[in-house]
1. Pull out all pairs, ordered by first then second residue, where Cβ-Cβ is under 9 Å, the residues are six or more apart or on different chains, the first lies in region 383-395 and is on the phi > 0 side of the Ramachandran plot, and the second is outside any loop (DSSP other than H, G, I, E, B).
2. Find all pairs meeting these conditions: Cβ atoms under 7 angstrom apart; at least six residues apart or on different chains; first residue within region 300-326 and open to solvent by 60 Å² or more (accessible area, probe 1.4 Å); second residue not in a loop (DSSP other than H, G, I, E, B) and not polar (S, T, N, Q).
3. So which of Ser251, Ser212 is surrounded by fewer than 17 Cβ atoms within 10 Å (Cβ to Cβ) and more than 29 Å from Ile359 (Cα to Cα)?
4. Looking at region 319-362, which of its residues are more than 19 Å from Thr210 (Cα to Cα), in contact with a helix residue (DSSP H, G or I) (Cβ under 8 Å, 6 or more places away or on another chain) and polar (S, T, N, Q)?
5. Restricting to region 100-133, give me the number of residues that are assigned to a helix (DSSP H, G or I) and more than 18 Å from the chain's Cα centre (by Cα).
6. In region 354-364, is there at least one residue being within 38 Å of the chain's Cα centre (by Cα), aromatic (Phe, Trp, Tyr) and under 25 Å from Thr257 (Cα atoms)?
7. Which numbered condition trips up Tyr258, out of (1) in contact with a helix residue (DSSP H, G or I) (Cβ under 8 Å, 6 or more places away or on another chain); (2) open to solvent by less than 60 Å² (accessible area, probe 1.4 Å)?
8. Which numbered condition trips up Arg296, out of (1) free of Cβ contacts under 8 Å to residues at least 40 places away in the same chain; (2) open to solvent by 40 Å² or more (accessible area, probe 1.4 Å)?
Amino acid sequence: MPEKRKDSKGRNLKDGEDQRPDGSYRFRYNDKAGNRQAVYSWKLVPTDKVPPGKRDGLSLREKEKSIENDIRDGIDGKKAAKLTLNDMFELYMSGKCDLKQSTRTHNRYMYNKFVAGELGMRKIDSIKFSDMKRFFNLLIYDRGFKPNTIHGILTILHPVFTLAVRDGYIRNNPTDGIISELKKGGANWEKPKRHALTVEEQEAFINFVTQSDIYRHWLPLFTVFLGTGCRVSEIIGLRWCDCDFDNLTISINHILTYTMQDDGHSEKHITTPKTAAGYRTIPMLKEVRSALMQERRRQFAEGGCKETIDGYDSFIFTNSTGSTHLPVSINQALERIRLAYNTQEAEQAKKERREPLIIPHFSVHNLRHTFCTRFCENESNVKVIQEVMGHSDISTTMNVYAEATENAKKESFSSLEGKIKIS
């Protein structure tokens with residue numbers, strides 16, 4: 001039986017271990033690809049003292065144990081020690097061939113803006129759960145990020161780490177369970193509830209716009225919003241060829257996006273709806289047809305649409321320069337109109353000695369929610385509502401339907417007061 005090799009202190013060395021002439025220790029092994037590798041340390045075991053002037057670190061036996069665990073679990077520790085989170089993000093993005101260009105651009109912008117700096121330059125195997133918790137807490141408490149933004153960043157990072165796990169660079173995804181942990185910290189994770197305009201608020205808003213010399217030109221656009229329930233990207237991208245005025249239908253088959261690019265500037269692009277449910281045909285109400293005809297007369301009198309985007313032209317809704325509207329400009333107009341209405345209503349109510357009907361802040365998406373609520377109040381077939389709204393998940397439709405019918409139920413009960421004998 002061959003004699004065991006020993007170090008300078010007379011301790012037995014294991015297979016693959018040896019002590020070099022300068023006193024340091026080496027362990028040689030084959031990685032999972034069969035390549036010969038080696039690690040070094042000035043200590044054989046953790047209790048050894050490091051020679052004067054030499055850098056302390058893990059002992060050889062500690063490194064061996066880590067290597068054995070990596071080999072057993074299929075982890076490529078050598079490569080992971082060189083791979084940064086930024087490298088892993090690029091690898092992940094290169095494999096997402098089916099990603100929409102608008103989504104790809106948005107993900108890159110968000111990653112470069114919030115992750116690529118300090119966190120992105122860290123080695124992938126050095127990022128732990130506590131690091132991710134610290135990163136998100138910084139965004140929440142120091143930078144005031146809202147839950148939607150945190151969820152958006154996590155949606156980008158989680159699959160990147162998942163790929164690192166599947167490729168054998170790390171054992172666990174450090175973003176797993178992070179939202180539950182952050183919620184324990186006391187931050188408000190309740191999403192602000194989106195409200196629909198009440199019937200009274202909706203009527204007051206439309207009446208004010210109709211009677212206003214300043215804001216009347218917005219009426220056709222708002223009528224289409226409130227009469228179709230379309231998303232803003234669908235309506236600003238709507239073209240005349242999408243409207244069938246004989247059969248009174250509107251075809252939703254593309255959207256217009258205005259997204260931030262990698263260099264920080266925003267661009268308009270035409271793309272397909274995000275889900276299959278987004279492709280749909282919506283019946284055209286008579287009020288919507290009249291609004292579209294009104295917009296057509298105005299646009300043609302002013303020279304028509306002057307903008308072409310990704311080969312698409314003849315857009316229905318344009319501004320004074322003949323270009324398509326931006327979501328932000330529509331929201332700004334809504335806020336100006338709301339404030340003007342509230343000021344006028346407050347003054348009128350004071351003269352008439354009554355409570356004013358003040359309209360709370362709302363955005364263009366609230367107009368879609370308002371249509372959906374009115375639809376739910378008048379239609380019992382949830383599947384029809386889902387198809388018209390283009391909801392990919394029927395639970396979204398059900399949430400609006402439940403809220404709308406709950407309000408209708410309360411109103412129905414209030415009308416029973418004093419009309420039936422119950423006591």
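1. Taking only residues 6 or more apart or on different chains, the pairs are Gly390/Glu234; Gly390/Ile252; Gly390/Ala277; Gly390/Gly278; Gly390/Arg280; Gly390/Ile282.
2. Here the result reads Asp310/His269; Asp310/Ile270; Tyr312/Arg239; Tyr312/Ile270, each pair linking region 300-326 to a residue that is not in a loop (DSSP other than H, G, I, E, B) and not polar (S, T, N, Q).
3. The match here is Ser251.
4. Residue satisfying the conditions is Thr324 alone.
5. The qualifying residues number 8.
6. yes
7. Tyr258 satisfies every listed condition except (2).
8. Among (1) free of Cβ contacts under 8 Å to residues at least 40 places away in the same chain; (2) open to solvent by 40 Å² or more (accessible area, probe 1.4 Å), Arg296 violates only (1).
The values are calculated or read from the model by the stated rules, or taken from the named source; none is laboratory data. From a predicted model like this one, the values you see are computed outputs, not experimental measurements. When we count neighbours, we look across all protein chains shown, and the Cβ atoms used for this are built from the backbone with ideal geometry, even at glycine. Keep in mind that these areas ignore ligands, DNA and RNA; they rest on the heavy atoms of the full protein, side chains included. Shrake-Rupley method; radii C 1.70, N 1.55, O 1.52, S 1.80 Å.
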